[in-house]
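> Below: one structure in structure tokens.
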Amino acid sequence: IKTQLELANSYLVRNGQIETELPKLSDQSIAQSNGFLKTISAKLADPRKRYQVSTIEREVIVRADNNTTMNFKIQLMFKDMIYNQTANNDLLSYLASSIQNTEYNSKVLAGTSYVKLPLRSREALKRMQGLTREYLSNEAALSKIGANINQTLTALLHSIVEMQVTGIQTAFGRIFSFIIIFAAVLAFVALILILLQTFIARSITRPIQRAR
């Protein structure tokens, strides 16, 4: 049980780290896309620079906004998965489709200075996908350990009860044997007393009878 508890603790510690690491990766991806949106928005807001915004940059605006929305959704789905394990397939499916979207975006932006945006996003998504699978694997292992410990404790409890019952039965058996021996001794002593009384009585009555 001690080994199982130590293993369970290692899984709990690791999942605690993942609960911090995954949102952090998502926040970094959000910061990346928001940084681009802030820069382009500043250009668009400037009458002298708005015409400097290229067509490809306008295209990236939509994709960067989608990246921010996507990551916020991933964070919400991950939190939901923590408290509701049945939601794991939803998050894994969403991560898989998001990775496909970034791969498509990297093809669209290939040859431009902005291709690094979907590439970084894809890298973060793959890392989050791996962390999600590791988290779920640890949770499954924790459930198995819990079941094993419960089974072991149940078996141990049954053994203790059986030992107690056997002990009680043994104790009662010894007491019963002692009672039988004690009764036999009492009967033997009583028999001796009766014989002595009979002998004494005969010793007294015989001289009297002879005197007559």
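The values are calculated or read from the model by the stated rules, or taken from the named source; none is laboratory data. Every value quoted in this text rests on a predicted model; they were computed, and no experiment measured them. Neighbour counts are summed over all protein chains in view; Cβ atoms, including those assigned to glycine, are modelled from backbone coordinates with ideal geometry. With ligands, DNA and RNA removed, areas are computed over all heavy atoms of the protein, side chains included. Shrake-Rupley method; radii C 1.70, N 1.55, O 1.52, S 1.80 Å.
Every residue, every condition in (1) closer than 16 Å to Leu125 by Cβ; (2) in contact with a Leu (Cβ under 6 Å, 6 or more places away or on another chain); (3) assigned to a helix (DSSP H, G or I); (4) open to solvent by 90 Å² or more (accessible area, probe 1.4 Å), yes or no:
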position	(1), (2), (3), (4)
Asn15	no, no, yes, no
Thr20	no, no, yes, yes
Pro23	yes, no, yes, no
Asp27	yes, no, yes, no
Ala31	yes, no, yes, no
Phe36	no, no, yes, no
Ile40	no, no, yes, no
Val60	no, no, yes, no
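> Going through Lys107, Lys116 one at a time, which residue ends up being charged (D, E, K, R) and farther than 17 Å from Gln28 by Cβ?
Lys107
> Taking segment 94-152, which residues are more than 23 Å from Phe78 (Cα to Cα), open to solvent by less than 30 Å² (accessible area, probe 1.4 Å) and not aliphatic (A, V, I, L, M)?
Asn105, Ser106 - these are the residues of segment 94-152 that are more than 23 Å from Phe78 (Cα to Cα), open to solvent by less than 30 Å² (accessible area, probe 1.4 Å) and not aliphatic (A, V, I, L, M).
> Separate question: Please find, within segment 64-89, the residue that is farthest from the chain's Cα centre (by Cα) out of those that are modelled with pLDDT of 90 or more and open to solvent by 50 Å² or more (accessible area, probe 1.4 Å).
In this case the residue turns out to be Asp65.
> Does Gln4 satisfy the condition of being farther than 24 Å from Ala124 by Cβ, part of a helix (DSSP H, G or I) and either out of contact with any strand residue (DSSP E or B) (no Cβ under 9 Å at 6 or more places or on another chain) or of a type in the set (Phe, Trp, Tyr) (or both)?
Considered against the rule, which asks whether it is farther than 24 Å from Ala124 by Cβ, part of a helix (DSSP H, G or I) and either out of contact with any strand residue (DSSP E or B) (no Cβ under 9 Å at 6 or more places or on another chain) or of a type in the set (Phe, Trp, Tyr) (or both), Gln4 comes out as yes.
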